[in-house]
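The values are calculated or read from the model by the stated rules, or taken from the named source; none is laboratory data. Worth saying up front: this structure is predicted, and the values here are computed from it rather than measured. Every residue, glycine as well, gets a Cβ built from its backbone with ideal geometry; the counts of neighbours run over all protein chains shown. In case anyone asks, the SASA skips ligands and DNA or RNA and just uses the protein heavy atoms, side chains included. Shrake-Rupley method; radii C 1.70, N 1.55, O 1.52, S 1.80 Å.
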Amino acid sequence: MTIRVKEIVGIVLLNILLRLLVSLGPYSGNNTPPMYGDYEAQRHWMEVTINLPPEEWYNQSDLNDLNYWGLDYPPLTAYHSYLLGKLSQIFEPGSVALTLSRGYETLTHKMFMRFTVLIFDILIYFSGAYLFVFHSIQINSNKKTLLFAFILTQPALILIDHGHFQYNSISLGLSLWAIIAVLKERPLLGSLLFTLSLNYKQMSLYYAPAFFFYLLGWSFGEPDLKIPSSDSDRKTRAGRCFNICWDMVSTCWR
């Protein structure tokens, strides 16, 4: 094992340990009715998405009180909650019982939530950081390991996600993957990945101007991009991805 590989493995393991230590701390709303805080918001979204049809996820109803942690993120977050809700239903059905699970706070389900935050962080954000630093940019070799460590140890991301049951690493990771695709001269793939990021959390709008003007330059036939101008079918992929994300829930506003 080379020195570089050892350094990377060490950084990854230390960051996993740091996240685990943060997850042992308190979080806002713990055992505090009537809203119960951050954990309850994520748990409630799982409850709503697996028990109600998609067209009702964003609608006020007797079974979905939007004043009680109503879904306020784009559909990809809702689909993610649905996936986690189905897993919760297998291992701990009471955690997602419709209307009956409010304030549900067992140690086992909190551990499940903490574990899912960590897994998605590693799969999407860690991997994106590695590819960005070591395979997408040209900087001094000695600085790459340090940059990788800085990206992974971003304090705000660690404290919010692993302290308060959030999944910001997914949208940030998808944006990072989109940047990697652009740097690899794959703007179509980059636009698709950024569309997924935007449809997971609207905070990705902060990065939208950069992607917009880059893709605008490509659309006008920037020669350095080396993309065939006749490839009209692939140009619509991002739009189709956006439509797919919103199709099931869009009946809420029809």
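Tabulated values for the structure
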{"item": "Test: residue in region 108-115 that is more than 18 Å from I180 (Cβ to Cβ), among the hydroxyl-bearing types (S, T, Y) and crowded, with 17+ Cβ neighbours inside 10 Å", "result": "no"}
{"item": "Odd one out for S197 among (1) more than 30 Å from D38 (Cβ to Cβ); (2) at pLDDT 95 or above", "result": "(1)"}
{"item": "The listed residue being buried (at least 21 other Cβ atoms within 10 Å of the Cβ) and out of contact with any Ser or Thr (no Cβ under 6 Å at 6 or more places or on another chain), out of F165, F132", "result": "F165"}
{"item": "Test: I137 is of a type in the set (V, I, T) and either within 23 Å of S28 (Cα to Cα) or in a helix (DSSP H, G or I) (or both)", "result": "no"}
{"item": "Selection count, region 37-55, where residues are of a type in the set (F, W, Y) and within 17 Å of M111 (Cβ to Cβ)", "result": "1"}
{"item": "T145 outside any loop (DSSP other than H, G, I, E, B), surrounded by 21 or more Cβ atoms within 10 Å (Cβ to Cβ), at pLDDT below 95 and among the polar types (S, T, N, Q)", "result": "no"}
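The rows are residues; the columns are (1) open to solvent by less than 20 Å² (accessible area, probe 1.4 Å); (2) in contact (Cβ under 8 Å) with a residue 60 or more places away in the chain; (3) not in a helix (DSSP H, G or I).
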| residue | (1), (2), (3) |
| --- | --- |
| S197 | yes, no, no |
| Y200 | yes, yes, yes |
| Y206 | no, no, no |
| F212 | no, no, no |
| G217 | no, no, no |
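Here's the yes/no breakdown for (1) of a type outside the set (F, W, Y); (2) open to solvent by 10 Å² or more (accessible area, probe 1.4 Å); (3) more than 21 Å from V117 (Cβ to Cβ):
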| residue | (1), (2), (3) |
| --- | --- |
| A156 | yes, yes, no |
| L159 | yes, yes, no |
| I180 | yes, yes, yes |
| F194 | no, yes, yes |
